[in-house]
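Accompanying notes for the structure given below.
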Amino acid sequence: MKEFIKDLIIAVVIVVAISMVIKPTIVKERSMQPTLYENNYLFVNKLTYKFKEHPNRGDIVVFKSQLDDDQNGGKKLLIKRVIGVEGDIITIDEGYVYRNGKKINEPYIKTQGATYDEGTEIVGYQVPEDQVFCMGDNREYSLDSRSADVGTVSEKNIIGKAFFRLYPFNEIGGLSEYSEK
């Protein structure tokens with residue numbers, strides 16, 4: 001019986017430790033296609049930005065938005081890709097994104113040059129200190145930093161970095177890195 005209790009305590013300690021570092025997340029929308037699809041089950045590293053200063057361009061992050069979550073109360077969690085970091089100058093012209101005057105290579109987006117009605121054109125927007133400019137990979141269906149409802153994301157509202165897909169099982173593995181320094 002002592003061994004069982006010891007094993008149980010060790011298991012509980014391991015589960016608690018893992019839950020402090022990893023947040024399981026289910027993708028609810030299509031805004032990150034073709035990288036992520038609805039019902040993909042992901043792991044998010046909650047410590048990634050606790051020990052380093054800032055997110056990198058290209059990171060896929062989960063953050064607490066200012067949008068109301070009608071299903072759970074509180075604020076809605078969104079998952080998007082970091083396009084610009086503090087000090088970057090973002091311009092979106094005819095659906096193409098320019099950072100610091102250079103068109104960025106975005107092999108991960110669903111449709112090159114795609115955009116949606118609100119916030120389709122942004123000219124010379126400088127990302128504020130301790131904030132990031134985030135966009136979904138499926139630009140036509142992504143509510144992201146282009147919208148005044150979301151805006152730039154304060155780094156303190158970032159829950160963590162998505163790093164591993166558990167489901168669907170045929171796509172199990174780490175998420176592709178497009179991080180840029």
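The values are calculated or read from the model by the stated rules, or taken from the named source; none is laboratory data. Predicted model, so just to flag it, every value in this text is computed and none were measured. Neighbour counts run over all protein chains shown; Cβ positions are idealised from the backbone, glycine included. Heads up: the accessible areas ignore ligands, DNA and RNA and are worked out on the full protein's heavy atoms, side chains in. Shrake-Rupley method; radii C 1.70, N 1.55, O 1.52, S 1.80 Å.
Values as computed for the structure displayed
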{"item": "Given (1) open to solvent by 40 Å² or more (accessible area, probe 1.4 Å); (2) in a loop (DSSP other than H, G, I, E, B), index of the condition I159 fails", "result": "(2)"}
{"item": "Criterion: hydroxyl-bearing (S, T, Y) and in a strand (DSSP E or B) - qualifying residue of Y49, Y98, Y37", "result": "Y98"}
{"item": "Failed criterion for M32 (all others in (1) surrounded by 15 or more Cβ atoms within 10 Å (Cβ to Cβ); (2) in contact with a helix residue (DSSP H, G or I) (Cβ under 8 Å, 6 or more places away or on another chain); (3) not in a strand (DSSP E or B) hold)", "result": "(2)"}
{"item": "Close pairs from segment 14-25: first under 14 Å from K50 (Cα atoms) and without any contact (Cβ under 8 Å) to a residue 40 or more places away in the chain, partner assigned to a strand (DSSP E or B) and open to solvent by less than 60 Å² (accessible area, probe 1.4 Å), Cβ under 7 Å, at least 6 apart", "result": "V21/N45; I22/F43; I22/V44; I22/N45"}
{"item": "Unmet requirement for I104, which otherwise passes all of (1) within 22 Å of A162 (Cα to Cα); (2) at pLDDT below 90", "result": "(2)"}
{"item": "Residues that are in contact with a strand residue (DSSP E or B) (Cβ under 7 Å, 6 or more places away or on another chain) and open to solvent by 20 Å² or more (accessible area, probe 1.4 Å), drawn from segment 128-145", "result": "D130, Q131"}
{"item": "Verdict on T48 being surrounded by 11 or more Cβ atoms within 10 Å (Cβ to Cβ) and farther than 25 Å from E140 by Cβ", "result": "yes"}
{"item": "Candidate set: segment 70-109, residues that are within 15 Å of Q126 (Cβ to Cβ) and open to solvent by less than 20 Å² (accessible area, probe 1.4 Å); chosen: the one farthest from the chain's Cα centre (by Cα)", "result": "I92"}
